[in-house]
Amino acid sequence: MGVEWLLATPVQFYAGARFYRAGFAELRHFNPGMNSLVMIGSSAAYFYSVAALLAPALFPVGTAVSYFEAAAVIVTLILLGRYFEHIAKGRTSEAIKKLLQLQAKTARVIREDETVELPIDAVVTGDRILVRPGSVFQSMASLRRVTPTLMSR
């Protein structure tokens, strides 16, 4: 049980320090959240185990067991979950950036039977937009009429 105590202590108070900081702040503002839940749960297991290790006479014979591994597992799994969440958010951000790069910056507009390439911001209501097969276009308007090569806005 002593080795478990030595191994669980850095996990509880070094790796889990962020839970204590955020958890106490949540409780101080009467707004408990996940950090306070992790703090209370892992601390209960840790300090129960410390009491069982240092004062086994407080417990009925044979019931002074340790839960150091449970306290360490709680902190470790929550940190691992947050790490995976951070990685997933990073990948999502990358995908969104790539999608934004696909946005059309110009549009081919037909004005007075002449095709003109304009910045997308210069397209106004009533413009006819020429969209070639496979090309990308951006429009916040509803489509009134679509022909194979002509879209009216």
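The values are calculated or read from the model by the stated rules, or taken from the named source; none is laboratory data. Since the model is a prediction, treat every value here as computed from it, not as a measurement. Here the Cβ positions follow ideal geometry from the backbone for every residue, glycine too, while neighbour counts run over all protein chains shown.
Using the structure shown, decide if Ser42 is in the same structural domain as Glu69 (by TED's automatic domain parsing), part of a helix (DSSP H, G or I) and surrounded by 20 or more Cβ atoms within 10 Å (Cβ to Cβ).
yes
Considering the conditions (1) at positive phi; (2) at pLDDT 80 or above; (3) of a type outside the set (D, E, K, R), Val109 is excluded by exactly one of them, (1).
Residue by residue, here is whether (1) surrounded by fewer than 16 Cβ atoms within 10 Å (Cβ to Cβ); (2) in a loop (DSSP other than H, G, I, E, B) holds:
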| residue | (1), (2) |
| --- | --- |
| Gly23 | no, no |
| Leu37 | yes, no |
| Phe47 | yes, no |
| Ala57 | yes, no |
| Gly62 | yes, yes |
| Ser66 | no, yes |
| Ala71 | no, no |
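Conditions tested, residue by residue: (1) under 24 Å from the mean Cα position of the chain (by Cα); (2) without any contact (Cβ under 8 Å) to a residue 24 or more places away in the chain.
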residue	(1), (2)
Pro10	no, yes
Gly16	yes, no
Glu26	yes, yes
Pro32	yes, yes
Ala51	no, yes
Val61	no, yes
Ser66	no, no
Ala71	no, no
Ala88	yes, yes
